[in-house]
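What follows is a single structure, written as C-alpha cells, with notes after it.
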Amino acid sequence: MASKSRQIGAPGVDPARQNGRVISRVVATDVQLFERAARTFGATNGGGQAYLESTGALAFVASDRDRIFGWCWGYHLIRPDSSSMLYLHQLEVAEDHRRRGIGRALLWAFMRAGAQAGATRMFLTTRETNAPARALYDSLGGGLAAHGPTVNYWFLLNP
C-alpha cells in the first residue's frame, strides 16, 4: 500500500448520516434489504441469506426511507499468520446519486467496520479505465499495488 495511506476509524465527522441518507450495515436479519439492493444494482438475486450468514461477510446499503441508491459488499478475511484483511468485492452507487459522497460514505463504513474487527489492510480491483472509482480510492489513501499490474484468473468448479 502507498505511504500516503491513512488510518481508518479516526475521530471526525461520521459520513454515515447526511441529508437524510443513511448508510446501514446489513446483517442476516436484513436479508430483504440486501436482496432489494441486489435487484437494484443488477446482481444475482436469491443468495443473500447464505452470503449474510457466511463467516466474514460485510455489507452496507445507502438508502433513505423509500429508495436504495448505493451498496457495497465484501469479506473480512482471516489469514494463516493471524492477521486479517478486507476484500471489497463491489461498490456501486445509482447514477443519479453519484458525486454526492455516497460512495465515499459506503467505503468509509466498510473500512471502519473492518478495522474495528481487526483488519489491517484492504484490497479491491477495478478497471484501469474506471476514473471515478480510482479517484475515490486515491482520495481515501489507497495505493496501487507496488508489484506492477495484476492478472485475475477465474475457474469454474464442478462439485
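The values are calculated or read from the model by the stated rules, or taken from the named source; none is laboratory data. Remember, predicted model here, so these are calculated numbers, not experimental data. Here the Cβ positions follow ideal geometry from the backbone for every residue, glycine too, while neighbour counts run over all protein chains shown. Keep in mind that these areas ignore ligands, DNA and RNA; they rest on the heavy atoms of the full protein, side chains included. Shrake-Rupley method; radii C 1.70, N 1.55, O 1.52, S 1.80 Å.
Quickly rank 96-108, 72-84 as a protection proxy: mean count of other C-beta atoms within 10 Å, highest first.
The packing order, highest mean first, is 96-108, 72-84.
Return the FRET efficiency for the residue pair Glu53, Arg79: r is the Cβ-Cβ distance, R0 is 30 Å, and the value is rounded to the nearest 0.05. If you can, show how the numbers build up before the last one.
Values: r = 22 Å, r/R0 = 0.73.
According to the calculation, E is roughly 0.85.
Can you tally the net charge around Ala131? Count Lys and Arg as +1, Asp and Glu as -1, for every other residue whose Cβ sits under 14 Å from the Cβ of Ala131.
Values: positive: Arg98, Arg99, Arg127, Arg134; negative: Glu128, Asp138.
Here the charged neighbours net out to +2.
Where nothing but the Cβ of Lys and Arg (+1) and of Asp and Glu (-1) is charged, how large is the charge dipole of the stretch 19-108 around its Cα centre, in debye to the nearest 20?
Dipole size: approximately 300 debye.
For a quick check: with amide H placed at 1.01 Å from N, whose amide H comes under 5 Å from Phe69's, ignoring anything fewer than 5 positions away on the same chain?
Distant-sequence amide H within range of Phe69: Ala62, Ser63, Asp64.
Would the stretch 39-140 count as rounded, prolate or oblate if I go by the C-alpha gyration tensor, calling it rounded below 1.5 in a/c and otherwise prolate when a/b exceeds b/c, oblate otherwise? Kindly include the intermediate steps, with their values, before the conclusion.
Values: a/c = 1.82, a/b = 1.26, b/c = 1.44.
Verdict is oblate for the stretch 39-140.
Excluding ligands and nucleic acids, what accessible area in Å² is computed for Thr40 using a 1.4 Å probe, to the nearest 10?
Taking all protein chains as shown, Thr40 has close to 70 Å².
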